[in-house]
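Q: Would you mind keeping the following structure in view while I ask a few things?
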2 protein chains.
Amino acid sequence: MARGSTRPTSRDVAQAAGVSQAAVSLVLGDKWRGRVSQATAERVREAARDLGYRPNLAARNLRLGRTRTVLLVVPALTTEFFAGVYTGAARIAAEHGFGVVLYPSPEGIGPARDPFASAQSALDGVIASSMAADALTAIRGEALPLVMLDSDPDGSLGAATVNLDIADGIRQAAEHLLSLGHRRFLHLAADVPSWTFEVRARELAARLDEVPGTTVRTARSPISIEGAVTAAQAALAAPGDRPTAVICDDDQLAAGTYKAARRLGLRIPDDLSVTGVDDLALATAMDPELTTVHLNAELFGERGMRALLAVLEGRAPESGDIPVRLVLRGSTARAG
Amino acid sequence: MARGSTRPTSRDVAQAAGVSQAAVSLVLGDKWRGRVSQATAERVREAARDLGYRPNLAARNLRLGRTRTVLLVVPALTTEFFAGVYTGAARIAAEHGFGVVLYPSPEGIGPARDPFASAQSALDGVIASSMAADALTAIRGEALPLVMLDSDPDGSLGAATVNLDIADGIRQAAEHLLSLGHRRFLHLAADVPSWTFEVRARELAARLDEVPGTTVRTARSPISIEGAVTAAQAALAAPGDRPTAVICDDDQLAAGTYKAARRLGLRIPDDLSVTGVDDLALATAMDPELTTVHLNAELFGERGMRALLAVLEGRAPESGDIPVRLVLRGSTARAG
DNA sequence: GATTCGACGTTATACGTAAAACCTAGGGGC
DNA sequence: GCCCCTAGGTTTTACGTATAACGTCGAATC
């Protein structure tokens, strides 16, 4: 195809078709109705095909002042959750002629590298998870159209937000465990400063406060299976009456709790009920399968992208949280 | 910062500093030794800072004809393996002033969407996993500098390859199980056409053929925990002497095998030994912990990026496969 | 005192595209 | 016969940057 030398430009196509460069631009940009004859348009398209012409995106972006590319800033890709968010966002983007570039907040790449230098590409807008804390300040400075995922609607300084109804999910989990007779809880919380985790803590405390006789311990852990093992083990082995139910901020923490329970000789769900949040593949791989709050990651990404498109077009984004639901499996049982 | 109107250009900076646009370019491009006085350079830098100037990447890319951006094409982001590859590649890229854009091969986005349209950005080169099959033909057509990950060194048409020494890993696993007395094997293979899986099958067959009295069944499964459950269950329950050891193409398949074993009432490792490949976080979360071939994903990404940089500079990429090692844990035991 | 030279800049140009402004011929209306 | 309109193009310009080519002025060389 490419003759080894340099890529063909629209001028090369014009020459091959015997027209001006402007005509090529009109035809290929589909703006030729009434400006170029049917026959000429066909000649141009044929020449472009023969030469293997691909428009130079740098030139187009420069000319148009926009790139039809948005950045998706995520905390990490160590679980399939944000992969799902990306899939949803990319699908909607593709339907509107946009591309999505992923920016996983760097761990070990360097101290808070600038996402915009990294993407090396001008951007029309940004979708950012509130969990990608170190990238957020840089994003703010750019004054780009911005949609925040799982972020405080009041504290987001006017940026559009798209949220999962995580409060309702935690409420469902608490309700479920209460109805099974549990009264002594452990909240295994993610040690990450993000609204989405603050909500979990607030909602859980609020609900359990309403029920007389309940107690709740809180332990904090980094979001990883290994980290959760030590945190859960310490919290479960602490003096005082042992909790009978553990509410984990996500499925990885729940997996760590399983391992901690094994080490302590506790059986799930007989001695200890456990719930998670996310519904990763991990959740059904464990023994017993994990009762967890299912999050629709792809829908989350879709809604995020739709909101950004709305912002870009000056429309108001769709409002309302995305519903979630507790999936009952084998890790929860009647308090013994 | 940006006054709500439009972003400042190098010309705005020039005006603010009382110099020409060319001088701004020289100073900010660090090419001013002997061409601009120290004092003027400082004035320019200050003006740029005050205005919040950011160079327009589209313009720079157009002018230079390169983008210092490479594309990393991966099959999926459902495990942390390719997240590690990205981290390694991005680290090396950053050291050389490059950015890395991730392109997860689409599942459900559309029929083989063009990665280059998607990235919406001109690219200097591509690093592609051989597992991202549907994207590969599009990549070939672009005649871009290309590095293949885990691809057949002979069949890659001259593209540079960087490979894990997966053959050695499988050999270590087979050796380990043979030394424990196992003779009846199940190979749970990934149902994905990729060199990296062909190598596993070939190497395993070759090693077991050398030992008289061994038998090996093969089952194929899509790469997911759920998919592996059915495949492993069927293969283990098939008529004939049951295998005593299962060699899985990756850890997700191993996790599925655990679940299948539970359903069949088989205990690991007493009734069944299991090995995997990858060493995901999953591997140590399972009970018992999984004996598996540890792959250094970050090093893999680093080597891939280094090879691409070499290609871009016309040097020969470093050769030699990346070593791997079997990590012994609790899922393998003496054949009963 | 003419020449050279380095320090310090400026002017001009090109990258490839999109689109506004312009041109030309032929036909229809009056 | 003149005017205007439309179809079917072309010429020109601008996007913002990097850099090659070109000045200028004072000091140093011979």
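The values are calculated or read from the model by the stated rules, or taken from the named source; none is laboratory data. The model shown is predicted, which means the values in this text are computed figures rather than measured ones. Positions of Cβ are generated from backbone atoms using ideal geometry, with glycine treated the same way; all protein chains shown enter the neighbour counts. Accessible surface is based on the protein model in full, side chains and every heavy atom, while ligands, DNA and RNA are left aside. Shrake-Rupley method; radii C 1.70, N 1.55, O 1.52, S 1.80 Å.
Q: Consider region A:202-259. How many of its residues are farther than 16 Å from A:His182 by Cβ, of a type in the set (A, V, I, L, M, F, W, C) and surrounded by fewer than 18 Cβ atoms within 10 Å (Cβ to Cβ)?
A: Residues that pass the stated criteria total 4.
Q: If I ask for residues that are part of a helix (DSSP H, G or I) and either within 13 Å of chain A (Cβ to nearest Cβ) or within 29 Å of B:Leu64 (Cβ to Cβ) (or both), which ones from region B:120-159 would you list?
A: First, pick out the residues of region B:120-159 that are part of a helix (DSSP H, G or I): B:133-141.
Matches in region B:120-159: B:Ala135, B:Leu136, B:Thr137, B:Ala138, B:Ile139, B:Arg140, B:Gly141.
Q: Next question, about the same structure. Determine which single condition B:Thr69 fails, assuming it passes every other condition in (1) surrounded by fewer than 18 Cβ atoms within 10 Å (Cβ to Cβ); (2) of a type in the set (S, T, N, Q); (3) within 15 Å of DNA strand D (Cβ to nearest atom).
A: B:Thr69 satisfies all of (1) surrounded by fewer than 18 Cβ atoms within 10 Å (Cβ to Cβ); (2) of a type in the set (S, T, N, Q); (3) within 15 Å of DNA strand D (Cβ to nearest atom) except (1).
Q: With the requirement that a residue be more than 11 Å from DNA strand D (Cβ to nearest atom) and either in contact with a Gly (Cβ under 9 Å, 6 or more places away or on another chain) or open to solvent by 80 Å² or more (accessible area, probe 1.4 Å) (or both), what does region B:6-33 give you? Full working, then the answer.
A: Filtering region B:6-33 down to residues more than 11 Å from DNA strand D (Cβ to nearest atom) leaves B:15-19, B:33.
B:Gln15, B:Arg33, listed by residue number.
Q: Would you please name the residue that is most open to solvent (accessible area, probe 1.4 Å), looking only at residues in region B:38-58 that are within 27 Å of A:Arg66 (Cβ to Cβ) and within 14 Å of DNA strand C (Cβ to nearest atom)? Please lay out each step first, then the result.
A: Restricting attention to region B:38-58, the residues satisfying the condition of being within 27 Å of A:Arg66 (Cβ to Cβ) are B:47-58.
Retained after the next criterion (residues that are within 14 Å of DNA strand C (Cβ to nearest atom)): B:47, B:55-58.
On the way: B:Ala47: 10, B:Pro55: 47, B:Asn56: 80, B:Leu57: 31, B:Ala58: 8 Å².
The qualifying residue most open to solvent (accessible area, probe 1.4 Å) is B:Asn56.
Q: If we only count strands (runs of 3 or more DSSP E) wholly inside region A:270-336, which ones have 3 or more residues that are touching a helix residue (DSSP H, G or I) at 6+ places or on another chain (Cβ under 6 Å) and farther than 19 Å from A:Val74 by Cβ? Don't jump to the end; show me each part of the working.
A: On the way: elements: A:273-278, A:291-294, A:325-327.
Strands (runs of 3 or more DSSP E) meeting the threshold: A:273-278.
Q: If you don't mind, another one. What tally of residues in region A:260-278 results from selecting those that are within 14 Å of chain B (Cβ to nearest Cβ) and open to solvent by 30 Å² or more (accessible area, probe 1.4 Å)? First the steps, then the outcome.
A: From region A:260-278, those within 14 Å of chain B (Cβ to nearest Cβ) are A:260-268, A:274, A:276, A:278; that's our starting set.
With open to solvent by 30 Å² or more (accessible area, probe 1.4 Å) added as a condition, the list becomes A:262-265, A:267.
Residues in region A:260-278 being within 14 Å of chain B (Cβ to nearest Cβ) and open to solvent by 30 Å² or more (accessible area, probe 1.4 Å): 5 in total.
Q: So A:Asn61 passes all but one of these: (1) open to solvent by 30 Å² or more (accessible area, probe 1.4 Å); (2) within 28 Å of A:Thr137 (Cα to Cα); (3) near DNA strand C (Cβ under 9 Å from one of its atoms). Which condition number does it fail?
A: Here A:Asn61 meets the rest and fails (1).
Q: Here's a check for you: in region A:311-329, which residue that is hydrophobic (A, V, I, L, M, F, W, C) and under 21 Å from A:Cys248 (Cβ atoms) is surrounded by the fewest Cβ atoms within 10 Å (Cβ to Cβ)? Give the derivation first.
A: Filtering region A:311-329 down to residues hydrophobic (A, V, I, L, M, F, W, C) leaves A:311-312, A:316, A:322, A:324, A:326-328.
Cutting the leftovers down to under 21 Å from A:Cys248 (Cβ atoms) gives us A:322, A:324, A:326-328.
Details: A:Ile322: 16, A:Val324: 22, A:Leu326: 22, A:Val327: 17, A:Leu328: 13.
Checked region A:311-329; the qualifying residue surrounded by the fewest Cβ atoms within 10 Å (Cβ to Cβ) is A:Leu328.
Q: Here is a follow-up. Please tell me if B:Ala89 is in contact (Cβ under 8 Å) with a residue 24 or more places away in the chain, surrounded by 24 or more Cβ atoms within 10 Å (Cβ to Cβ) and away from DNA strand D (no atom under 16 Å from the Cβ).
A: On the way: in contact (Cβ under 8 Å) with a residue 24 or more places away in the chain: yes; surrounded by 24 or more Cβ atoms within 10 Å (Cβ to Cβ): yes; away from DNA strand D (no atom under 16 Å from the Cβ): yes.
Considered against the rule, which asks whether it is in contact (Cβ under 8 Å) with a residue 24 or more places away in the chain, surrounded by 24 or more Cβ atoms within 10 Å (Cβ to Cβ) and away from DNA strand D (no atom under 16 Å from the Cβ), B:Ala89 comes out as yes.
Q: Name the pairs: first residue in region B:50-69 and under 19 Å from A:Asp124 (Cβ atoms), second residue more than 9 Å from DNA strand D (Cβ to nearest atom) and aromatic (Phe, Trp, Tyr), Cβ to Cβ under 8 Å, at least 6 apart or on different chains?
A: B:Arg54/A:Phe116; B:Thr69/B:Phe98
Q: State whether one or more residues within region A:302-311 are within 13 Å of another protein chain (Cβ to nearest Cβ) and out of contact with any Leu (no Cβ under 6 Å at 6 or more places or on another chain).
A: First, the residues of region A:302-311 that are within 13 Å of another protein chain (Cβ to nearest Cβ): A:302, A:305.
This time we only want the ones that are out of contact with any Leu (no Cβ under 6 Å at 6 or more places or on another chain), so: A:302, A:305.
Yes, that holds for at least one residue.
Q: Anything in region A:8-18 that is more than 14 Å from chain B (Cβ to nearest Cβ) and either touching a helix residue (DSSP H, G or I) at 6+ places or on another chain (Cβ under 6 Å) or within 8 Å of DNA strand C (Cβ to nearest atom) (or both)? List them, or say none. Break it down stepwise before answering.
A: Applying the first criterion (more than 14 Å from chain B (Cβ to nearest Cβ)) to region A:8-18 yields A:11-18.
Scanning region A:8-18 gives A:Arg11, A:Asp12, A:Val13, A:Ala14, A:Ala16, A:Ala17.
Q: So if I check each of B:Ala83, B:Ala90, which one is at pLDDT 90 or above and over 18 Å from B:Asp150 (Cβ atoms)? Steps first, please.
A: Working: B:Ala83 fails: over 18 Å from B:Asp150 (Cβ atoms).
Result of the check over B:Ala83, B:Ala90: B:Ala90.
Q: Among the helices (runs of 4 or more DSSP H) confined wholly to region A:164-249, which include 3 or more residues that are within 19 Å of A:Ile322 (Cα to Cα) and not hydrophobic (A, V, I, L, M, F, W, C)? Let's see the steps before the verdict.
A: Details: elements: A:166-179, A:195-209, A:225-237.
Qualifying helices (runs of 4 or more DSSP H): A:166-179, A:195-209.
Q: Could you check A:Glu289 against (1) more than 14 Å from chain B (Cβ to nearest Cβ); (2) in contact with a Lys or Arg (Cβ under 6 Å, 6 or more places away or on another chain) and say which number it fails?
A: Every listed condition holds for A:Glu289 apart from (1).
Q: OK, next. Would you mind finding the one in A:Val74, A:Val44 that is without any contact (Cβ under 8 Å) to a residue 60 or more places away in the chain, out of contact with any Asp or Glu (no Cβ under 6 Å at 6 or more places or on another chain) and within 13 Å of DNA strand D (Cβ to nearest atom)? Break it down stepwise before answering.
A: Numbers: A:Val74 fails: within 13 Å of DNA strand D (Cβ to nearest atom).
After ruling out the rest, the residue left standing is A:Val44.
Q: While we're here: B:Ile170 fails exactly one of the following numbered conditions: (1) farther than 14 Å from B:Val293 by Cβ; (2) in contact with a helix residue (DSSP H, G or I) (Cβ under 8 Å, 6 or more places away or on another chain). What is the number of that condition?
A: (1)
Q: How about region B:62-91: which of its residues are over 17 Å from A:Tyr103 (Cβ atoms) and either more than 9 Å from chain A (Cβ to nearest Cβ) or assigned to a helix (DSSP H, G or I) (or both)?
A: B:Leu62, B:Arg63, B:Leu64, B:Arg66, B:Pro75, B:Phe81
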